[in-house]
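K.L.:
Take a look at this one; I'll ask things after.
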Amino acid sequence: MTTLILVALLAAVVAIFAFAPFRRTLVSAPLLAAFKRILPPMSQTEQEAIDAGTVWWDGELFSGRPDWSKLAAYPQPVLTPEEQAFLDNETEQLCAMASDWETYQVHNDLPPHVWQFVKDKGFLGMIIPKRYGGKEFSAYAHSQVVTKLATRCGAAAVHVMVPNSLGPAELILHYGTDEQKSHYLPRLAKGLEIPAFALTNPHAGSDAAAIPDLGVVCRGLWEGREIVGMRVTWDKRYITLGPICSVLGLAFRLYDPEHLLGAKEDLGITCALVRTDTPGVDIGRRHMPLNAVFQNGPTTGRDVFMPIDWIIGGPAMAGQGWRMLMECLAAGRSISLPSTSCGYSKLAVRATGAYARVRSQFKTPIGRFEGIEEPLARMGGNLYMMDAARMLTASAVDMGEKPSVVSAIVKYHLTERGRIVVNDAMDILGGKGICLGPSNFMGRAYQQLPVAITVEGANILTRSLIIFGQGAIRCHPYVLAEIGATREPDRRKAVRDFDTALFGHIGFALSNAVRAFVLGITGSQWSHVPEVAPETRRHYQKLTRFSAAFAFLADVSMLALGGDLKRREKLSARLGDVLSLMYLCSAALKRYESDGRQQSDLPLLEWSVWDAMFRAQNAIEGVLSNYPNRLIAWFLQRILFPLGRPYAVPSDELGHRVARLLIAPSSTRDRLTAGMHLPRSESEPIGCIEAALEAAIKAEPIEQKMRAAQKAGALGGARSEALADAALVAGVISADEHAQLERAARLRNEVIRVDDFPQDFGQSELARPAAQRAAA
């Protein structure tokens, strides 16, 4: 009898779940009602941010079963002949014309002739189509130009990248009226207009959607006639190019109390093009962001009347500003700061690696000490992965993607890794790095690192709220559909849509639970991956395992924590780290294949992937260790890591191999730092250090010969500074070898030299003591 009852109950359950009308009525409808209650409220601006952009490779990583053949099929970005010529000629010329020291110490800006060169050669119009007089360059070309400039002069890089990133040109191009396009785009392309975009208010930084700047639709006089316009008041700061701009892209909240545009009163965030010579507009004052000299400052306006046609896209786009910004942000954020971060990291890696070979202590190049090898390995491994992610993301933009989640990943992780690279460089350089002057190639980059960390979405916010918070909704195959069902006014359709998404979600979660466990038990040994290099096959397999583990962990976390996950920012940040690190590993593996599987590059790939997956593993452990429900945490630990953790830190031997690649000329070193400005003149700091590296390597066997002779007693008691002369007299070395030693010593002395200045250097006349002024 009991068996019959159990069979009947099981049959009833099966019937309920198998027969859609029963399932929807008895299961999905109540769950939909409960989901509506627990779902955290979402503002219109949050909804627009989630809806913006496209899902790309991040969606594959979120699936738990990434299709590696898709990654392999993504085209390798290449420059057109025109783009390559611009990079080799105009961009190199600009690098030669400007340096960090001159722009800061002499001009406090780009020199006037450099500004004119930037305008005349079309640097401000790289993204503008040719029909409007622009270059119409690819995102990859844009990235290459900014990367090269960042290896030479921070101010030049920023002044070029900002007009080509999020700003008036991008917004006009996508949303402007025909009249706005035909008027502004040719002028922006030729540098006849200098653009800036004003979003940040002193009281609305990270919460940019809450800007208090406001405009009111009203009637007013404009050029002698009455028109419908807006009276706008704003207070903005941190506006790059703001002090010198002629056209200001302005974001504010627009109200229409007289209903001159329609029935709605609060129209929402709006973007307008404001001529800065309009009465009431105040620009010109400057911020000094950590002694960076790119033009940046506040702008204000009080009751500034302007035509309604100044709205980007015209009156029809009133209230659409936040959507416009979110849709355009993905492209600009994918390029600008990732490119500058890679630029100064290339500079740091190439120059510091050479310095570590040229600079000797205890008769040994410091780059051969294990204490120096450790930061060198971090520098090389980080740069390899950073540049791979930069190029992969730029190629996504060129394929028509607007990768909102991926853009947040590269903005956060490339600027953070860039900070690590430069900090490591400064530790190796020691006193050479902390004394500013024309010969210091790292000081300004080190000073200005926090600027990249702070702008275009502060890194703390990006990591804590955006990467996983947006990714969990956009990239998950079912969550967005479930949320959409809660907003469907037709109840029957809402239940039907929710039912489809819910049970698809359940199957998805169970599948990933099983796959994560099986892949953990088997060490992912039999996970299928496409035809890849044998030496990288295990990386693909382990990434597949981590993708399944991440997808299941994300699902359980969203189910167990619900809306509370949005407030548990530390857990959200760690989940975002896992997704981010899988993306960075994907980029590194893609790069290795695209570069032709260069065996000499393998230590860089191995170190970077191993380190990233170790960090991803630690991020998962961080989630589990802090899970509010300890029973669920125990269960997840057994599913995700049934045999323990698979990763440890990269080995010292691997780090040794990476470090050795950085302290000697090679094709690997050239590929790692490709695209940087590399002057050959010995009067330039980088040219000098390159020459010193070559000379030091040539001198090493000669020095070994002399030491052997000294040890054998052939050179008597000659002091170290006179050893070469004694060796020449004794016939131990030839005249050519003696000349090589002299050249190596001269260049080494120049490389390790630091700048010094008079005591009153840098003081203005009024700041100097009275006695000094009298003596002068």
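The values are calculated or read from the model by the stated rules, or taken from the named source; none is laboratory data. This is a predicted model, so every value here is computed, not measured. Note that we place each Cβ from the backbone using ideal geometry, even for glycine, and neighbour counts take in every protein chain shown. Note: accessible area is taken over every heavy atom of the protein model, side chains too, but ligands, DNA and RNA are not part of it. Shrake-Rupley method; radii C 1.70, N 1.55, O 1.52, S 1.80 Å.
K.L.:
Condition test on S557, is it free of Cβ contacts under 8 Å to residues at least 24 places away in the same chain, under 32 Å from the mean Cα position of the chain (by Cα) and within 21 Å of Q617 (Cβ to Cβ)?
P.N.:
no
K.L.:
Which members of region 50-88 meet the condition of being hydrophobic (A, V, I, L, M, F, W, C), closer than 30 Å to L124 by Cβ and touching a residue at least 12 places away in the same chain (Cβ under 8 Å)? Full working, then the answer.
P.N.:
Filtering region 50-88 down to residues hydrophobic (A, V, I, L, M, F, W, C) leaves 50, 52, 55-57, 61-62, 68, 71-73, 78-79, 85-87.
Now narrow it down to the ones that are closer than 30 Å to L124 by Cβ: 52, 56, 78-79, 85-87.
Residues satisfying the conditions are A52, W56, V78, L79, F86, L87.
K.L.:
Sticking with this structure for a sec: Looking at this structure, is S341 among the hydroxyl-bearing types (S, T, Y), surrounded by 23 or more Cβ atoms within 10 Å (Cβ to Cβ) and within 22 Å of D100 (Cα to Cα)? Before the answer, list the steps.
P.N.:
Values: among the hydroxyl-bearing types (S, T, Y): yes; surrounded by 23 or more Cβ atoms within 10 Å (Cβ to Cβ): yes; within 22 Å of D100 (Cα to Cα): yes.
Criteria met by S341.
K.L.:
Conditions: (1) open to solvent by less than 20 Å² (accessible area, probe 1.4 Å); (2) at positive phi. L553 meets all but one. Number of the miss?
P.N.:
Among (1) open to solvent by less than 20 Å² (accessible area, probe 1.4 Å); (2) at positive phi, L553 violates only (2).
K.L.:
I would also like to ask the following. If you scan region 680-706, which residues turn out to be under 20 Å from R753 (Cβ atoms), touching a residue at least 40 places away in the same chain (Cβ under 8 Å) and either assigned to a helix (DSSP H, G or I) or under 26 Å from the mean Cα position of the chain (by Cα) (or both)?
P.N.:
To start, the set of residues in region 680-706 that are under 20 Å from R753 (Cβ atoms) comprises 680-696, 699.
Those left that are additionally touching a residue at least 40 places away in the same chain (Cβ under 8 Å): 682, 685-686, 688-693, 695-696, 699.
Answer for region 680-706, where residues must be under 20 Å from R753 (Cβ atoms), touching a residue at least 40 places away in the same chain (Cβ under 8 Å) and either assigned to a helix (DSSP H, G or I) or under 26 Å from the mean Cα position of the chain (by Cα) (or both): P685, I686, C688, I689, E690, A691, A692, L693, A695, A696, A699.
K.L.:
Okay, moving on. Checking E223 against (1) farther than 26 Å from R131 by Cα; (2) under 20 Å from the mean Cα position of the chain (by Cα): exactly one of these is not met. Which one?
P.N.:
(2)
K.L.:
I'd like to verify a number: residues in region 570-612 that are touching a Cys at 6+ places or on another chain (Cβ under 9 Å) and at pLDDT below 95, how many?
P.N.:
Of region 570-612, the ones touching a Cys at 6+ places or on another chain (Cβ under 9 Å) are 579, 608-609, 612.
Of the ones still in play, those that are also at pLDDT below 95 are none.
Of the residues in that region, 0 qualify.
K.L.:
Looking at D670, D595, which one is among the acidic types (D, E) and open to solvent by less than 60 Å² (accessible area, probe 1.4 Å)?
P.N.:
Exactly one residue qualifies, and that residue is D595.
K.L.:
Got a sec? Which of G229, G220 is touching a strand residue (DSSP E or B) at 6+ places or on another chain (Cβ under 7 Å), among the small types (G, A, S) and surrounded by fewer than 18 Cβ atoms within 10 Å (Cβ to Cβ)?
P.N.:
Numbers: G229 fails: surrounded by fewer than 18 Cβ atoms within 10 Å (Cβ to Cβ).
Within the list G229, G220, the selection yields G220.
K.L.:
Now, a different point. Does region 309-318 include one or more residues that are modelled with pLDDT of 95 or more, among the charged types (D, E, K, R) and surrounded by 14 or more Cβ atoms within 10 Å (Cβ to Cβ)?
P.N.:
yes
K.L.:
Something else about it: Take region 408-452 and flag every residue that is more than 16 Å from K346 (Cα to Cα), open to solvent by less than 20 Å² (accessible area, probe 1.4 Å) and β-branched (V, I, T).
P.N.:
Matches in region 408-452: I409, V410.
K.L.:
Next question. Can you find a residue in region 335-348 that is closer than 27 Å to D213 by Cβ, in contact with a Ser or Thr (Cβ under 9 Å, 6 or more places away or on another chain), among the small types (G, A, S) and in contact (Cβ under 8 Å) with a residue 12 or more places away in the chain?
P.N.:
yes
K.L.:
Give me the residue from region 398-407 that is surrounded by 24 or more Cβ atoms within 10 Å (Cβ to Cβ) and among the hydrophobic types (A, V, I, L, M, F, W, C) and, out of that set, nearest to H476 (Cα to Cα). Walk me through it before giving the result.
P.N.:
So in region 398-407, the residues surrounded by 24 or more Cβ atoms within 10 Å (Cβ to Cβ) come out as 403-407.
The next check asks that each one be among the hydrophobic types (A, V, I, L, M, F, W, C); those that pass are 405-406.
Values: V405: 12, V406: 14 Å.
So the residue we want is V405.
K.L.:
Here is a follow-up. For G297, indicate whether it is assigned to a loop (DSSP other than H, G, I, E, B), of a type in the set (G, A, S) and in contact with a helix residue (DSSP H, G or I) (Cβ under 7 Å, 6 or more places away or on another chain).
P.N.:
Values: assigned to a loop (DSSP other than H, G, I, E, B): no; of a type in the set (G, A, S): yes; in contact with a helix residue (DSSP H, G or I) (Cβ under 7 Å, 6 or more places away or on another chain): yes.
No; evaluated as a whole, the condition is false for this residue.
K.L.:
Also, I was wondering about something else. Tell me which residues, restricted to region 98-123, are closer than 20 Å to S339 by Cβ and surrounded by fewer than 18 Cβ atoms within 10 Å (Cβ to Cβ).
P.N.:
Residue satisfying the conditions is K121 alone.
K.L.:
It is to be established whether one or more residues within region 166-183 are under 20 Å from W310 (Cβ atoms), open to solvent by less than 30 Å² (accessible area, probe 1.4 Å) and assigned to a loop (DSSP other than H, G, I, E, B).
P.N.:
Going through region 166-183, the residues under 20 Å from W310 (Cβ atoms) turn out to be 166-183.
Within this subset, residues satisfying the condition of being open to solvent by less than 30 Å² (accessible area, probe 1.4 Å) are 167-172, 176, 180.
When the remaining residues are screened for being assigned to a loop (DSSP other than H, G, I, E, B), the result is 167, 176.
Yes - at least one qualifying residue is present in region 166-183.
K.L.:
Out of region 55-106, which residues are in contact with a Phe, Trp or Tyr (Cβ under 9 Å, 6 or more places away or on another chain), at pLDDT 95 or above, polar (S, T, N, Q) and in a helix (DSSP H, G or I)?
P.N.:
T91, Q93
K.L.:
Another one. Criterion first (assigned to a loop (DSSP other than H, G, I, E, B) and open to solvent by less than 40 Å² (accessible area, probe 1.4 Å)) does G675 satisfy it? Even if it seems obvious, please write down each step before you answer.
P.N.:
Details: assigned to a loop (DSSP other than H, G, I, E, B): yes; open to solvent by less than 40 Å² (accessible area, probe 1.4 Å): yes.
Against the criterion (assigned to a loop (DSSP other than H, G, I, E, B) and open to solvent by less than 40 Å² (accessible area, probe 1.4 Å)), G675 qualifies.
K.L.:
Within region 245-276, track down each residue that is in a loop (DSSP other than H, G, I, E, B) and farther than 12 Å from M306 by Cβ. Even if it seems obvious, please write down each step before you answer.
P.N.:
Within region 245-276, the subset in a loop (DSSP other than H, G, I, E, B) is 245-246, 256-265, 276.
Listed by number, the residues that qualify are C245, S246, D256, P257, E258, H259, L260, L261, G262, A263, K264, E265.
K.L.:
Give me the residue from region 453-478 that is open to solvent by 50 Å² or more (accessible area, probe 1.4 Å), in a helix (DSSP H, G or I) and among the hydrophobic types (A, V, I, L, M, F, W, C) and, out of that set, modelled with the lowest pLDDT. Explain how you work it out, then say what you get.
P.N.:
At the first step, the residues of region 453-478 found to be open to solvent by 50 Å² or more (accessible area, probe 1.4 Å) are 454-456, 460, 463, 465, 477-478.
Now narrow it down to the ones that are in a helix (DSSP H, G or I): 454, 460, 463, 465.
Among the residues that remain, those that are also among the hydrophobic types (A, V, I, L, M, F, W, C) are: 460, 465.
Details: I460: 93, L465: 87.
Here the answer is L465.
K.L.:
Being over 29 Å from the mean Cα position of the chain (by Cα) and open to solvent by 90 Å² or more (accessible area, probe 1.4 Å) is the filter here; which residues of region 184-193 pass it?
P.N.:
Hit for region 184-193 is L192, nothing else.
K.L.:
Here is a follow-up. How many residues are open to solvent by less than 20 Å² (accessible area, probe 1.4 Å) and either among the polar types (S, T, N, Q) or part of a loop (DSSP other than H, G, I, E, B) (or both) when one looks only at region 124-165?
P.N.:
Final tally of qualifying residues: 11.
K.L.:
In addition: Restricting to region 639-667, give me the number of residues that are at pLDDT below 95, surrounded by fewer than 12 Cβ atoms within 10 Å (Cβ to Cβ) and out of contact with any Phe, Trp or Tyr (no Cβ under 8 Å at 6 or more places or on another chain).
P.N.:
Number of matching residues: 2.
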